[in-house]
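Read through the structure below, which is laid out as C-alpha cells, and then see the notes.
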Amino acid sequence: MKLAVLSPPDWSIYRNLHKWSRRLGIQLATSMQTIDSIIILGNGSPDDITYLILCHKLNGKKVVGITKTKEPRYSSIDVIIELAERIKVKKYLLVIDQENDDVNTIYREIERILRFRCAHFSINERSRRLRTYECTRGHRNFTVIIVVSGLDTLNLTRHTIEDHLLEFSKTILGENELNNLLKITKGDPKEVWKLIGDRHHEVFKEFLNTKVEVLKQIFPQHIEALNML
C-alpha cells in the first residue's frame, strides 16, 4: 500500500513524509494516481510516519491518499463530509488521539456531527477504539472509519499514538529505561517521545523491519482499519 500525500508542499505533513520516505527507503505514490480511500490525521506527527510504515508493511499495489486537516481531532469529520460531497472517494479513515477523553465521549461527538450533516448513518463497532460508519449525504454513500489511538498496557496520564510507539520501543530502550522516562514525565507519552528524539530513527528503522504479526499486537486498531481499506 503506497501513500499519496494530498497536502500542499508547504504543510509540515508533506515535508515530514517526504523526508522520512527518503530516510527509510519507502516510495511514495503521486497524487495523480487513482485513489478510492483517504487517511486523515486528526493530530499530525508521529502519526504520519507511523502510517507511512504500516501502509508499506501491508504492501500491495493499492494507493491511498493521506493528509491532515486544520480542524482539531474529531472536528475533522466536517472536512470528510465536505470531501465526500465533492470527490468520488468511498472510504475515509480518521485517526485521532484519545487524549484524556473517554472513548465513548469521542464517538458521541462524532455521531452528533454525523446526525447533523448526514441524511443517514449506521454504526459498526469493531472494537473499543475502532468504529465504522456507513453514511449517506445527498446522492453520496461513503464509509468513515474511526481509529482512536491509545493502549492500556502502559501507566500513562493520557492516550496518544505515542502509546503504541513507546510500547514498541521497549525492545530498544529496555523496560527499565522506559519506566524511568515515564516517571520523569509523570506518565506523559508525548513528553517521553520527545526525550528520546535522538533515537526516533532507530525506532522507526526497527519498526520497518518488524513482522506484521508482531505489529498487530501493538497497533491492533490501526492495522485492522488499514485492512478495511
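The values are calculated or read from the model by the stated rules, or taken from the named source; none is laboratory data. Since this is a predicted model, take the numbers as computed values, not measurements. Ligands, DNA and RNA are excluded from the accessible area calculation, which covers all protein heavy atoms including side chains. Shrake-Rupley method; radii C 1.70, N 1.55, O 1.52, S 1.80 Å.
Given Cα pairs under 8 Å that are at least 6 residues apart, what percent is the relative contact order of segment 16-88?
Worked out over segment 16-88, it gives 36 percent.
What lysines does Lys194 reach when the alpha-carbon gap must be under 23 Å and sequence neighbours fewer than 8 apart in one chain are set aside?
Output for Lys194: Lys19, Lys68, Lys70, Lys170, Lys183, Lys186, Lys205.
Rounded to the nearest 500, what is the chain's calculated 222 nm mean residue ellipticity when only DSSP H runs of at least 4 contribute -39500 (n - 2.57) each, over all residues?
Calculated mean residue ellipticity at 222 nm is -14000 deg cm²/dmol.
What percentages, rounded to whole numbers, describe P(r) for the chain computed over all alpha carbon pairs with 5 Å bin width beginning at zero?
1, 7, 15, 18, 20, 17, 12, 6, 3, 1, 0, 0
With N residues in segment 142-229, what two-decimal value do you get for its Cα radius of gyration over 2.2 N^0.38 Å?
Details: Rg = 13.6 Å, N = 88, 2.2 N^0.38 = 12.1 Å.
Against the compact-globule rule of thumb, the ratio is 1.13.
Calculate one ³J(HN,Hα) per residue across segment 14-23 by plugging θ = phi - 60° into the Karplus curve 6.51 cos²θ - 1.76 cosθ + 1.60, and present them in order as whole Hz with x for glycine and proline.
Result, rounded to whole Hz: 5, 5, 5, 5, 5, 5, 6, 5, 5, 4.
Gap in Å between the Cα centre of segment 134-189 and the Cα centre of segment 46-109?
If you average the Cα positions of each part, the centres end up 15 Å apart.
Can you work out the Karplus-derived ³J(HN,Hα) for every residue in segment 50-67? Use 6.51 cos²θ - 1.76 cosθ + 1.60 with θ = phi - 60°, whole Hz, and x for glycine or proline.
Values, residue by residue: 4, 6, 4, 6, 4, 5, 4, 5, 6, 6, x, 9, 4, 10, 10, x, 9, 7 Hz.
Which cross-chain or sequence-distant (5 or more) residues have an amide H under 5 Å from the amide H of Thr69, H modelled 1.01 Å from N in plane?
Leu41
At 1.4 Å probe size, with the rest of the protein present, what percent of the exposed accessible area of segment 93-150 is carbon and sulfur atoms?
That share works out to 44 percent.
Residue by residue, what Karplus-based ³J(HN,Hα) values in Hz, rounded to whole numbers, does segment 106-118 have, using 6.51, -1.76 and 1.60 with θ = phi - 60° and x for Gly and Pro?
So the J values, rounded to whole Hz, are 4, 4, 4, 5, 4, 5, 4, 5, 5, 5, 6, 9, 10.
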